[in-house]
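Contents: one structure, followed by commentary.
The values are calculated or read from the model by the stated rules, or taken from the named source; none is laboratory data. Quantities reported herein were computed from a predicted structural model and do not represent experimental measurements. Neighbour counts are summed over all protein chains in view; Cβ atoms, including those assigned to glycine, are modelled from backbone coordinates with ideal geometry.
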Amino acid sequence: MHRILSTKLLVILWSILALSLIAADPPDPQISIVEQDAPKAPPVIAAWLRGATGGIRAMVVTVASQVQAYSEVSAFSYTIERDGSLTANNPVNDAVLVDLARLNGIKIIPTVSSTWEATSITRVLKDPTLRANHINAIMKVARSPLVDGIDLDYENLPPDTRQVYTDFVTTLAGLLHREGKTLAVTVPAKVRDDDSCVICKFADYAALGVAADQIRVMAYEYHGKSGGPAPNAPIWWIRQVMEYTVSRVPREKVVLGIHLYAYDWGGKETPAYWWSDAMALKKKYNGEVTFVESDARGLVGESILTYTIPGPRCPRHTVECEPAPGEKHTVWFVDSKYVALAWDIVKDLQLGGIVMWRPGGEDPAIWSVLGMPVQSN
């Protein structure tokens, strides 16, 4: 009897619930359900680093002086041998850098670079056995718990390596992802698919952008030291490079690579300097600095230092003396104003970040541009 009453009660309650659902207002089709997007990660602030010969100062002190600024650092830790194996450039230097970075939440993404002729690395990429040896050597490095990923910096490859390089990157990316590691691929800059730049043709931006986690574009050396004095990488050109890149690669994967060095024309050679060197020359020789905001093609953002090295002085007590004219120099360099304009491109195009080649003697004001307090070196 109790079981029959309980069953009837359940039927009555279910009927009431069903009627209330039928009577309820239907959902309003005009009201859309908006899903919240995941918060966008802030742009990466990274640096390529290369240590000075004979010590740890260059890399470790460079990072330590602005340790809060960096998201990632990539030391030029490994070079490729002709059999595809890797040689560690400075293990002691790297170990100290790794300790500093990990204590401060900075990702370690060592750079594997090709520093010898392109013919040899082309052979490694095209020979299945050598390529397998090379991939195994990279994966041995990547499996270290102290490493977050790998950066590939293979330069001056011939155009006919385009497909084999893409295949190599795709295979390596898959293996790294299985280990929970990332892959950054450093590429030369170009502004269109059919860019006349021969050393750029091996880099298939679109295909590399599918496989890799970052595409780091070296947006400098538009004008190298082999010509006369001129801006290294005018801002108008960098914007063209980045606009092309995001047309081929997801913008969140694109990292703008900028230069922090100067070239000094006027002597027998054209050496590369840092901003701090340029300022020392200005002081020593009473030089003049001019900021070049723009030219006929758009924003430039670089600066010119002109100075003269005096000719030999006349010996004392010499009645007639005609010293040789002074040696005139022109230095194109970059400072915080240039970095601010490059950073604007990162923000305007919503890029994945910026990577600098290479800090160590830069204008300290660049760190305030990147949103960090300026610290003394």
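Taking the criterion of being aliphatic (A, V, I, L, M) and at pLDDT below 95, the residues of the range 101-156 that qualify are ALA118, ILE121.
If you go through the range 161-193 and keep only what is of a type in the set (D, E, K, R) and under 24 Å from GLY224 (Cβ atoms), you end up with ARG162, LYS190, ARG192, ASP193.
Taking the criterion of being touching a His at 6+ places or on another chain (Cβ under 8 Å), at pLDDT 95 or above and of a type in the set (A, V, I, L, M), the only residue of the range 306-341 that qualifies is VAL334.
Of all residues being among the aliphatic types (A, V, I, L, M) and not in a loop (DSSP other than H, G, I, E, B) in the range 192-206, which is nearest to TYR244 (Cα to Cα)? Just the residue, please. Working first, answer last.
Of the range 192-206, the ones among the aliphatic types (A, V, I, L, M) are 198-199, 203, 206.
Checking which are not in a loop (DSSP other than H, G, I, E, B) leaves us with 198-199, 206.
Values: VAL198: 17, ILE199: 17, ALA206: 11 Å.
Selected residue: ALA206.
Within the range 262-286, if we keep just the residues that are under 28 Å from the mean Cα position of the chain (by Cα) and among the hydrophobic types (A, V, I, L, M, F, W, C), the residue that is farthest from ALA233 (Cα to Cα) turns out to be ALA280.
Within the range 93-109, the only residue that satisfies the criterion of being more than 30 Å from ASP83 (Cβ to Cβ), without any contact (Cβ under 8 Å) to a residue 40 or more places away in the chain and in contact with a strand residue (DSSP E or B) (Cβ under 9 Å, 6 or more places away or on another chain) is ALA101. Considering only residues that are small (Gly, Ala, Ser) and in contact with a Leu (Cβ under 6 Å, 6 or more places away or on another chain), look in the range 228-287 and name the one that is surrounded by the fewest Cβ atoms within 10 Å (Cβ to Cβ). Among those residues, the one meeting the criterion is GLY287. Scanning the range 330-352 for residues that are in contact with a Ser or Thr (Cβ under 7 Å, 6 or more places away or on another chain) and not hydrophobic (A, V, I, L, M, F, W, C), which turns out surrounded by the fewest Cβ atoms within 10 Å (Cβ to Cβ)? For the range 330-352, the residue satisfying everything is THR330. Before we move on, is VAL210 in a helix (DSSP H, G or I), β-branched (Val, Ile, Thr) and within 27 Å of LEU305 (Cβ to Cβ)? In short, no.
For the range 227-237, the criterion of being more than 18 Å from PRO188 (Cβ to Cβ) and of a type in the set (S, T, N, Q) is met by no residue.
Which residues, counting only those in the range 160-187, are crowded, with 22+ Cβ neighbours inside 10 Å and outside any helix (DSSP H, G or I)? If the condition is that a residue be crowded, with 22+ Cβ neighbours inside 10 Å and outside any helix (DSSP H, G or I), then LEU183, ALA184, VAL185, THR186, VAL187 are the ones that fit. Counted as qualifying within the range 259-377 are the strands (runs of 3 or more DSSP E) with 3 or more residues that are free of Cβ contacts under 8 Å to residues at least 60 places away in the same chain, namely 288-295, 298-309. Scanning the range 220-229 for any residue that is at pLDDT 95 or above, in contact with a strand residue (DSSP E or B) (Cβ under 9 Å, 6 or more places away or on another chain), assigned to a loop (DSSP other than H, G, I, E, B) and within 14 Å of VAL254 (Cβ to Cβ) turns up nothing.
Taking each residue of the range 237-249 that is on the phi < 0 side of the Ramachandran plot and looking for partners that are in a helix (DSSP H, G or I) with beta-carbon atoms closer than 6 Å, six or more apart or interchain, yields ARG239/ILE345; MET242/ILE345; ARG248/TYR205; ARG248/ALA206; VAL249/TYR205; VAL249/GLY209.
Restricted to the range 110-154, and to residues there that are acidic (Asp, Glu) and in contact with a strand residue (DSSP E or B) (Cβ under 7 Å, 6 or more places away or on another chain), the residue that is farthest from LEU49 (Cα to Cα) is ASP148.
May I ask you to verify whether VAL147 is in a helix (DSSP H, G or I), surrounded by 15 or more Cβ atoms within 10 Å (Cβ to Cβ) and within 18 Å of the chain's Cα centre (by Cα)? In short, no.
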